[in-house]
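The values are calculated or read from the model by the stated rules, or taken from the named source; none is laboratory data. Owing to the predicted nature of the structure, the values given are computational and were not obtained by experimental measurement. Neighbour counts run over all protein chains shown; Cβ positions are idealised from the backbone, glycine included.
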Amino acid sequence: MTSPGGRSAAAPQTWHYGLVARWWAEFSEEGPEIAYFKQFVERGEPALDVACGTGRLLIPYLEAGLDVDGCDVSTDMIAVCREKAERAGLDPTLLMQPMHELDPPRKYRTIFVCGAFGLGSTREQDEQTLRRFHEHLEPGGTLVFDVEVPYSTGYPAKYWWKTERDAIPREWPSQGEAERRRGSDGAEYALQSRVVDFDPLDQRLIYELRAWMWRDNELVRAEEHTLHINLYFKNELLMMLERAGFTPVDVRGNHSDQAPARDDDFLVFVATKPPAESYG
């Protein structure tokens, strides 16, 4: 089932609509995160895949017989996820809700977020998101989410320097430089992105993205989107999780069971809601 209603006025503004949703469904179906997050779901069902997108993690978990619901703020992502699930003979519960307004019909042993915490939201909404996760976990339940660190090789770390920030936004590369990829529908798709602003005080990065679709070498659709990303350091998130009521919190590096290292690009936070007896 899909929850009624649409995006609220306060919903995070993302670029995961239209051609971007189609691109995600066509060309982003694998990755080490699928197996990594699965182990947590296997240890604690039912589970909720927050920001499930087009079902990159959700659908393989359902096919494995796991009890998992999905949630996303993008109507287009949810629609594509539904289509993919139906083709696989699945009928998942899909909720169309932003993280900070999460209100599912049941509680979960595991809530997980892969690659989406801090996307398109405000920092206040991110704080509220963690409180919502805590509320909708069963006592003793687990929250697992990853973040790309602000100094990673994937983010333009050079923009921490004022001289580099003065040079943005840079000119768009030509459309001809975009790599086209052929989808299962026979159309060709391409994406381009650029940084348009970075505020080191707010730790907030702004990207612009352009997307195109061609059929028989004729451009039939073009879109432009903007995405705000909140960047977080390890200790900041530990304090936020503590304020939300989680304890203990384990931090791991690069989707592994290892302790984080300073050169890791990703951190995974494994946070526990205290058991019922902790609430007196």
Q) Hey, among the residues in the range 195-210 that are assigned to a loop (DSSP other than H, G, I, E, B) and out of contact with any Phe, Trp or Tyr (no Cβ under 8 Å at 6 or more places or on another chain), which one's surrounded by the fewest Cβ atoms within 10 Å (Cβ to Cβ)? A) Leu201
**Q.** Qualifying residues in the range 144-164 (those that are without any contact (Cβ under 8 Å) to a residue 40 or more places away in the chain and not in a helix (DSSP H, G or I)) - the one farthest from Glu236 (Cα to Cα)
**A.** Trp161
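Condition test on Leu102, is it buried (at least 20 other Cβ atoms within 10 Å of the Cβ) and touching a strand residue (DSSP E or B) at 6+ places or on another chain (Cβ under 9 Å)?
Considered against the rule, which asks whether it is buried (at least 20 other Cβ atoms within 10 Å of the Cβ) and touching a strand residue (DSSP E or B) at 6+ places or on another chain (Cβ under 9 Å), Leu102 comes out as no.
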(Q) Looking at the structure I just gave you, is Gln13 surrounded by fewer than 19 Cβ atoms within 10 Å (Cβ to Cβ), under 17 Å from the mean Cα position of the chain (by Cα) and either assigned to a loop (DSSP other than H, G, I, E, B) or at pLDDT 90 or above (or both)? (A) yes
Q. So which residues in the range 21-57 are in contact with a helix residue (DSSP H, G or I) (Cβ under 8 Å, 6 or more places away or on another chain) and assigned to a helix (DSSP H, G or I), if there are any at all?
A. Ala21, Arg22, Trp24, Ala25, Ile34, Lys38, Val41
(Q) Residues to consider are Met240, Met213; find the one that is touching an Asp or Glu at 6+ places or on another chain (Cβ under 8 Å) and outside the structural domain of Phe112 (by TED's automatic domain parsing). (A) Met213
**Q.** Those residues of the range 213-224 which are surrounded by fewer than 19 Cβ atoms within 10 Å (Cβ to Cβ) and either under 28 Å from Tyr155 (Cβ atoms) or under 16 Å from the mean Cα position of the chain (by Cα) (or both), in sequence order
**A.** Ala222, Glu223, Glu224
Q: Determine, yes or no, whether Gly186 is more than 24 Å from the chain's Cα centre (by Cα), assigned by TED's automatic domain parsing to the domain that holds Glu224 and assigned to a loop (DSSP other than H, G, I, E, B).
A: yes
**Q.** Failed item, numbered, when Leu48 is tested on (1) under 28 Å from Gly183 (Cα atoms); (2) at pLDDT 90 or above
**A.** (1)
Q | Residues of the range 118-142 classified as farther than 15 Å from Leu48 by Cβ, of a type in the set (Gly, Ala, Ser) and buried (at least 20 other Cβ atoms within 10 Å of the Cβ), total | A | 3
Q.
Can you say whether Gly89 is at positive phi, crowded, with 21+ Cβ neighbours inside 10 Å and either more than 21 Å from the chain's Cα centre (by Cα) or at pLDDT 95 or above (or both), as far as the supplied structure shows?
A. no
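Return the residues of the range 199-228 that are among the aromatic types (Phe, Trp, Tyr) and at pLDDT 95 or above; say none if nothing qualifies.
Trp212, Trp214
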Q: Of the numbered conditions (1) under 19 Å from Ala157 (Cα atoms); (2) at pLDDT 95 or above, Pro248 fails exactly one; give the number of that condition.
A: (1)
Q: Working carefully through the options Gly120, Gly140, find the one that is assigned by TED's automatic domain parsing to the domain that holds Thr272, touching a residue at least 24 places away in the same chain (Cβ under 8 Å) and under 17 Å from Gly44 (Cβ atoms).
A: Gly140
